[in-house]
Protein chains: 2
Amino acid sequence: VSVLATGELDRLVKLLARLPGLGPRSARRAALYLVKQRESLLLPLVEALALASDSVRPCSVCGNLDTGNPCTICNDTRRDTSLLCVVEDVADLWALERSGVFRGRYHVLGGTLSALDGIGPEDLNIESLTARARAPELDEVILATNATVEGQTTAHYLSDCLSGTGVVISQLAHGMPMGGELDYLDEGTLGWALKSRQPVG
Amino acid sequence: VSVLATGELDRLVKLLARLPGLGPRSARRAALYLVKQRESLLLPLVEALALASDSVRPCSVCGNLDTGNPCTICNDTRRDTSLLCVVEDVADLWALERSGVFRGRYHVLGGTLSALDGIGPEDLNIESLTARARAPELDEVILATNATVEGQTTAHYLSDCLSGTGVVISQLAHGMPMGGELDYLDEGTLGWALKSRQPVG
């Protein structure tokens, strides 16, 4: 027996509950909110979803999601073609774009190596990365994978793959986050921050 | 300048971020997940949303959301018509239905009284409640508002409104939740649990 009075709402709740960040309870709240905000939220969302479904595709060069192929970033001639930043996911690309600090191009792996989940090199966009790394204009590949075990394992593997290409291979600095307090930092971060300490002045 | 490469995704993220329980970051993750799970999640969600939008409406008797009017619960002749349970929201009705402990009918207020938010009695389904409370078959109105300041204020107000109707007015018991540990309970709950202690055996 369904817990909800109607199959239509029940089905909507079940689909919403599959979104990352929404559990069964928040999916129920979201479904009710959507039905109550029919004109201002539900109908615009239907339209936005349908539009995204029709138009958004992975970029065949870098793996970014965009309406154009190659994507806006790959097509942007003002971008520095000598720098390539490798990220795990499109969300990481977005995070770097929001920060506005990187003006090169990206390469989206589509995940990390994981023996546990059975994800090997052939499941990630690694072949296209090594091909791009041989481009004559490229000077440096920045491995911007997450500072997790999987992210760092993947970075090590990539650094091996790219070692023959002649490009400089770098990775993001580890250390205290801005605004971080020593008392709240884990030992790993504190250890890195101490080991990588910088001269002052 | 948009932080995302495409306006279509940007718009989708902004709409998703308006759902309760989703912040900007989880909205971005949800949008990416939807685009990646196009066939298995995005398209079914579009369909479910459109269907809910077309078919789900508030019940004119109790305020529940359903495809029929009156709703399935109001139409269910096996329900006990002598009991009416007043809840703040449809989500609360769902919670009681999931528990399976209540076999009467419901009345959904559509919120709580709140001077701060400018919500007065005329903004809630109170007039229809007092009308339903005068039905000859009705014996008891259970005020099942939340155990919050607003919920309890609303319950007090309703109990005043209903005092002339002759029905028994009750409210949910306060006390320790099942599985609760004393050390983790707030003082208010502990105080109630102690004051309302029950004889054993």
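If only the Cβ of Lys and Arg carry +1 and only the Cβ of Asp and Glu carry -1, the dipole of the protein assembly as shown around its Cα centre is close to 400 debye. The alpha carbon centroids of region A:60-139 and region B:64-134 are separated by 53 Å. Once you sort the root eigenvalues of the Cα gyration tensor of region A:96-168 as a ≥ b ≥ c, which label holds: rounded (a/c under 1.5), prolate (a/b larger than b/c) or oblate (the other case)? Note, shape of region A:96-168 comes out oblate.
Here is how far apart the A:LEU194 label points are across copies: 4.7 nm, shortest first, using a point 7 Å from Cα toward Cβ. Take the accessible area of chain A alone and of chain B alone, subtract that of the pair, and you get about 5100 Å² summed over both chains, using a 1.4 Å probe.
Remark: the Cα gyration tensor places chain B in the prolate category, a/c being 1.5 or greater and a/b exceeding b/c.
Helix B:90-99 versus the longest principal axis of chain B: what is the Cα-based angle in degrees, 0 to 90, to the nearest 10? It works out to around 70 degrees.
Where chain A is carried onto chain B by rotation, the Cβ closest to that axis, with its residue and distance in Å, is A:VAL46, 3. Segment B:ARG57..B:THR72, full-extension length gain: 4.2 nm, with 0.36 nm per residue of separation and the alpha-carbon distance subtracted.
Averaged per residue, the protein assembly as shown has 54 square angstrom of accessible surface, using a 1.4 angstrom probe with ligands and nucleic acids left out. Residues considered: A:VAL61, A:VAL86, A:VAL35. Largest GNM mean-square fluctuation over chain A, using C-alpha springs under 10 Å, is found at A:VAL35. Position B:GLY100: other-copy label points at 5.7 nm, ordered by increasing distance, label point 7 Å along Cα→C-beta. The share of Cα pairs per 20 Å bin across the protein assembly as shown, counted from zero up to the longest distance, runs 21, 40, 28, 10, 0 percent. If I build a Gaussian network model for chain B, linking alpha-carbon pairs within less than 10 angstrom, which residue out of B:ARG132, B:ARG57, B:ARG98 has the largest mean-square fluctuation? Of B:ARG132, B:ARG57, B:ARG98, the Gaussian network model singles out B:ARG98 as fluctuating most. Residues considered: B:CYS74, B:CYS161, B:CYS85. Largest GNM mean-square fluctuation over chain B, using C-alpha springs under 10 Å, is found at B:CYS161. Sites count as exposed loop sites when they are GluC sites (Glu not before Pro), lie in a DSSP loop, and have at most 13 other Cβ atoms within 10 angstrom; the longest stretch of chain A without one is A:1-136. Going from the isolated chain to the complete set of protein chains, region A:86-108 loses at least 20 Å² of heavy-atom accessible area (1.4 Å probe) at A:ASP89, A:ALA91, A:TRP94, A:ARG98.
Think of region B:57-190 as a dipole: +1 on every Lys or Arg Cβ, -1 on every Asp or Glu Cβ, centred on the Cα centre; then among B:ALA115, B:LEU138, B:SER128, B:LEU138 lies furthest on the positive end. Per-atom-type breakdown for the protein assembly as shown gives carbon and sulfur 53% of the accessible area (1.4 Å probe, protein chains only). Take B:GLN37, move 7 Å from Cα toward the beta carbon, and the resulting point lies 2.1 nm from the same point in each other copy, nearest first. With a cut-off of 14 Å on the backbone N, the residues of region A:146-161 near the modelled label site 7 Å out from A:THR130 along Cα-Cβ are A:157-161.
The values are calculated or read from the model by the stated rules, or taken from the named source; none is laboratory data. Here the structure is a predicted model, which means the values were calculated and not measured. Neighbour counts run over all protein chains shown; Cβ positions are idealised from the backbone, glycine included. Please note that ligands, DNA and RNA were not included when accessible areas were found on the heavy atoms of the full protein model with its side chains. Shrake-Rupley method; radii C 1.70, N 1.55, O 1.52, S 1.80 Å.
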